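Down below is the structure, laid out as structure tokens.
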Amino acid sequence: MSSVLTIRGGVPLTGRVTVRGAKNLVPKAMVAALLGNEPSVLRNVPEIKDVEVVTSLLQLHGVTVEKDPLTGDLTLDPTNAKTASHTAIDAHAGDSRIPILLCGPLIHAIGEAFIPDLGGCKIGDRPIDYHLNVLRQFGAVVEKRPGGIHISAPGGLKGAKISLPYPSVGATEQVLLSATRAEGITELSGAATEPEIVDLIAVLQKMGAIISVQTDRTIRIEGVPDLGGYNHRALSDRNESASWASAALVTRGDIFVEGATQRDMMTFLNTYRKVGGGMDIGDDGIRFYHKGGKLNPLVLETDVHPGFMTDWQQPLIVALTQAEGVSIVHETVYENRFGFTDALIRMGANIQVHRECLGSVPCRFGQRNFLHSAVISGPAQLTGTDIDVPDLRGGFSHLIAALAANGTSRVTGIDIINRGYERFTEKLAGLGADFDITAAE
Ligand code: EPZ
């Protein structure tokens, strides 16, 4: 049953929220358990839709997944892995992009994989060409079938020398999950090195994998025949932490984010300070708050790690609508990630999007007709309106804009937000937000 949020704006968010395991690591660590010959335990697991989707996909393939009712920790036992029926897998088509990462582990476990057509946020074309090319380089046979892709490797996967055209997080994970038990050495150049990637490498190392990350973004994997299980506490979600930090600025509030980790948010924290946000960095979390004065405009360019994370720009842009002056954001990771600004403009924000690369370096999308640069002029008074949430991060941005706006907003499509923000309506209520949840007609 879909719900509707009716939000009465103008109330500063104040209080404390807890952020748990990273949405962009936990499902991948669950998939990694398939590579082991004994059970694994994953801790600090959030209650989000992406975890539910991967749980049911793994169960379809004979993996038992037990959830501790008190802690939420997962125990995953892959010892009876089996082929799943295509129709059953198809039922999950469109839920998320994670299924593509099952290819390597399933080939190692049962010799083949069928991956349904993928879902994920509509923030660009989201192709999987890098993934399929990587699998072919490991010796897999990739066949397009109705409703999805069938992958097999009769002779098993063999280590390969791979170079990615772009430091893709997903393609790097594809290599890690395929190479650890492939025969021989794999060398991946042009790899992604996000904190979630390093945490996945930590999971695999606990299982017995031999993986080294070199200074030039090259990752070297020595294939081993067998892997054991792991016991791992997932790193916390830096994207959710940054979202609450932006919410504190937008609503002129004060939020302590338990679990926010300075090490993974260094670039965000520098930007937050430049905008004029207040922060107290502690061992168990970070307090983010509006200092009462004006917010400063800035010029921002998203990039792969350790650059400014693309998932951080949407909530921050809402704060930039309140800054005094003109800000520029050049989105270089996704070609179409400013769709969420339409609703902000309807609320009164002054934002123009452009095809040009308005940043320090031309990116892959320059002169290719993608509206991937934004110019934001502030401060702008936001007024409540009807909003239908377009994607995960854009949806959270709409929520915090509605919370700061004058008047009432009616927000639909909020189920998308459950994919990556654990218990977000409870957290909003705990921070003093004024809203009602009703079932959609
Ligand atoms: C992961 O997506 C994250 N999702 C994204 O978070 C994050 O924004 C992104 O990495 C970048 O950090 C998960 O981990 C589930 P990519 P992923 O492969 O792996 C292009 C969120 O809000 N590309 O690094 O799909 C792609 O189109 C989400 O939490 C190809 O061209 O990202 C994009 O332009 C959004 N071909 C660029 O590379 C491919 O085969 C980066 O994508 C794969 C990717």
Worksheet item: Nearest 10 degrees, 0 to 90: what angle lies between the long axis of helix 169-179 and the longest principal axis of the chain (Cα atoms)?
Response: 20
Item to complete: Report the extension gain between residue 283 and residue 233 in nm, rounded to one decimal, defined as 0.36 nm multiplied by the number of residues separating them, less their alpha carbon distance.
Response: 16.3 nm
Worksheet entry | Convex hull of Cα atoms in the chain, direction-averaged projection (nm²) | 19.9
Fill in: Degrees, to the nearest 10: 262-275 long Cα axis against longest axis of the chain
20
Practice prompt. Give me the distance in nm between label points sitting 7 Å out from Cα along the Cα-to-Cβ direction at residue 67 and residue 150, one decimal.
Written response: 3.4
Worksheet entry | Förster radius 45 Å - calculated FRET efficiency between residue 434 and residue 222, Cβ distance, rounded to 0.05 | 0.20
Fill in: Dipole-positive endmost among 365, 228, 437 within the chain (Cβ charges, Cα centre)
365
Item to complete: Please arrange 279, 266 by accessible surface area, largest first, computed with a 1.4 Å probe and ligands excluded.
Response: 266, 279
Discussion item. Could you work out what % of the accessible surface of the range 303-370 is carbon and sulfur, using a 1.4 angstrom probe and leaving DNA, RNA and ligands out of the count?
Written reply: 50
Item to complete: Starting from the range 33-91, pick out the GluC sites (Glu not before Pro) whose DSSP state is loop and whose Cβ has at most 15 other Cβ atoms within 10 Å.
Response: 47
Practice prompt. Return the carbon/sulfur percentage of the accessible area of the range 26-233, one whole number, probe 1.4 Å, all protein chains in place.
Written response: 52
Worksheet entry | For the chain: accessible area per residue (Å², 1.4 Å) | 38
Discussion item. Could you work out how much longer the chain between residue 86 and residue 59 gets when fully extended? Use 0.36 nm per residue separation minus the Cα distance between them, nm to one decimal.
Written reply: 8.3 nm
Discussion item. Over the Cα atoms of the range 314-361, what radius of gyration and what Dmax do you get, in Å?
Written reply: 10.9, 32
Worksheet item: Taking K and R as +1 and D and E as -1, what net charge do the other residues with C-beta under 13 Å from the C-beta of residue 410 add up to?
Response: -2
Worksheet item: Average projected area of the Cα convex hull of the range 26-233, in nm²?
Response: 10.5
Discussion item. Below 8 Å, C-alpha to C-alpha, sequence gap of six or more: please give me the relative contact order for the chain in percent.
Written reply: 21
Worksheet item: By per-residue mean of other Cβ atoms within 10 Å, what is the highest-first order of 139-145, 98-104, 422-428, 76-82?
Response: 98-104, 422-428, 76-82, 139-145
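The values are calculated or read from the model by the stated rules, or taken from the named source; none is laboratory data. Keep in mind the model is a prediction, meaning the values are calculated, not measured. Quick reminder, even Gly has a Cβ in these numbers, built from the backbone with ideal geometry, and neighbours come from all protein chains shown. SASA here: full protein model, heavy atoms, side chains in, ligands and nucleic acids out. Shrake-Rupley method; radii C 1.70, N 1.55, O 1.52, S 1.80 Å.
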